[in-house]
Amino acid sequence: MNTIKTSVRLAAVWTLTLILAPVPSGAQEDNFITVVSWGGSYARSSVKAYHERFVEETGIQIKLDEYNGGLAQVRAQAETGNVTWDVIDMEAGDTLLGCDEGLLETIDYETLPAAPDGTPATEDFLDAFDVDCGAKGLIYSTVYAYNDTLFPDLKPATMADFFDLGKFPGRRGMRRTPNANLEFALVADGVPADQVYEVLSSEGGIARAFRKLDTIKDQVVWWEAGAQPPQMLADREVVMSTAFNGRIFNAWALEKQPLTIVWDGQLLAFGYQVIVAGTPKLDLARQFVAFATSTVSLANITKYISYGPLRRSSLALVDKHLETGIDMEAHLPNAAQNMSNAVREDPEWWADNQDEMNERFAAWLIR
């Protein structure tokens, strides 16, 4: 049996067990929080890096749920007045939009723990997109990767290669969303990384991105969950796929799958810990967010998956992958050698244009 397929199935069972498991015996009914994350290898990394320590040190239990992003479920909980999620690991654009809509609690960085040397959290976090309702957590990347066994000679090396069906024939995997796909299309079409959102801010630029996507549309297999791209690549369902960099790293490092990341044109993004407005467990949620974004917690993530911490003091603690001994610094999205043509996501552009782009993308899919 394919080892990565087995891993994905076990991950699904593991996550479901956490979701369905009752609060452990002996715990008070109100002494737990529901934390929502992305499932799969990332959720497992979070559990090992700081969930288990949080439970052990505070006695507060965690019920883990998962989602694929977006604000639909948060809006539904707000509208019904039945808030069942407490903390969410959220993308930047959704964090900004959710904050603007009053769906998320504000977070004061002065209440977050200082670095071990006493540096206040307000000075220890790296420059990233600042939003009132999110505590900075990790920097991650949407990249594309390929199955190395399918390219014995010439290897894909640029974003343009992902869109070149003549030079590199075969099906591509892409996330069923306009996010990242529009940026990748423009980079492949020759737009400099630092001008992508300037181009997207015009009707002609958006049309240009969709025209580029048209060139590979009939060869695309669409994915929705982060665990799918490494599976599709391992099964040779696609020859290349966009993916979250950490998922590809884990498939390569742990499952020994012959997958290679192409960093050219990568889309750098930031992840935040947010608190759902109206949660009856606000104090417990704030305790968790402070713990999850502490120096040690963010550094610990890199022992399990290749996402970079957004605290300077955490970066100083990055060492080796716990299970394999791989030096993790070179595999982080913001490693110097991976940044030469990186696009930095603009959450404000997406907050302003997400609904329109979703509609256009949906119409384009069925056209």
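The values are calculated or read from the model by the stated rules, or taken from the named source; none is laboratory data. Owing to the predicted nature of the structure, the values given are computational and were not obtained by experimental measurement. Here the Cβ positions follow ideal geometry from the backbone for every residue, glycine too, while neighbour counts run over all protein chains shown. Ligands, DNA and RNA are excluded from the accessible area calculation, which covers all protein heavy atoms including side chains. Shrake-Rupley method; radii C 1.70, N 1.55, O 1.52, S 1.80 Å.
Filter region 238-287 down to residues that are touching a residue at least 40 places away in the same chain (Cβ under 8 Å) and of a type in the set (Asp, Glu) and give me whichever is farthest from Ile107 (Cα to Cα).
So the first thing to find is which residues in region 238-287 are touching a residue at least 40 places away in the same chain (Cβ under 8 Å), and the list is 238-251, 253-282, 284-287.
Within this subset, residues satisfying the condition of being of a type in the set (Asp, Glu) are 255, 264.
Numbers: Glu255: 38, Asp264: 34 Å.
Of everything passing the filter in region 238-287, Glu255 is farthest from Ile107 (Cα to Cα).
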### Query
Which helices (runs of 4 or more DSSP H) sit wholly inside region 26-142 and have at least 1 residues that are closer than 25 Å to Ile305 by Cα?
40-46, 52-58, 92-100, 121-124
### Query
Under 8 Å by Cβ, and 6 or more places apart or on different chains, what pairs join a residue from region 195-219 that is within 19 Å of Phe163 (Cα to Cα) and of a type in the set (Lys, Arg) with one that is open to solvent by 30 Å² or more (accessible area, probe 1.4 Å) and not in a helix (DSSP H, G or I)?
Arg208/Asp189; Lys212/Asp189
### Query
Residues that are open to solvent by 30 Å² or more (accessible area, probe 1.4 Å): which strands (runs of 3 or more DSSP E) entirely in region 159-273 hold 1 or more of them?
172-175, 220-223
### Query
So which residues in region 111-123 are open to solvent by 10 Å² or more (accessible area, probe 1.4 Å) and either in contact with a strand residue (DSSP E or B) (Cβ under 8 Å, 6 or more places away or on another chain) or without any contact (Cβ under 8 Å) to a residue 60 or more places away in the chain (or both), if there are any at all?
Leu112, Ala114, Gly118, Pro120, Thr122, Glu123
### Query
Does region 140-154 include one or more residues that are among the aliphatic types (A, V, I, L, M) and open to solvent by 20 Å² or more (accessible area, probe 1.4 Å)?
yes
### Summary
Over region 45-90, the set of residues within 19 Å of Ala299 (Cα to Cα), surrounded by 19 or more Cβ atoms within 10 Å (Cβ to Cβ) and not β-branched (Val, Ile, Thr) is Ser45, Ser46, Ala49, Tyr50, His51, Phe54, Asp89, Met90
### Message
Just the residues that are in contact with a Ser or Thr (Cβ under 8 Å, 6 or more places away or on another chain) and among the acidic types (Asp, Glu), please, taken from region 138-184.
### Response
Asp148
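Let's see how each residue does on (1) closer than 22 Å to Gly93 by Cα; (2) free of Cβ contacts under 8 Å to residues at least 40 places away in the same chain; (3) out of contact with any helix residue (DSSP H, G or I) (no Cβ under 8 Å at 6 or more places or on another chain):
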position	(1), (2), (3)
Ile301	no, no, no
Tyr304	no, no, no
Tyr307	yes, no, no
Glu329	no, yes, yes
Pro347	yes, no, no
Asp352	yes, yes, yes
Glu356	yes, yes, yes
Glu359	yes, yes, yes
Ala362	yes, yes, yes
### Query
Only one of these conditions is not met by Asn353: (1) at pLDDT 95 or above; (2) over 19 Å from Lys136 (Cβ atoms). Which number is it?
(1)
### Query
Among the numbered criteria (1) among the hydrophobic types (A, V, I, L, M, F, W, C); (2) out of contact with any His (no Cβ under 8 Å at 6 or more places or on another chain); (3) under 30 Å from Asp235 (Cβ atoms); (4) modelled with pLDDT of 95 or more, which single criterion is violated by Met328?
(2)
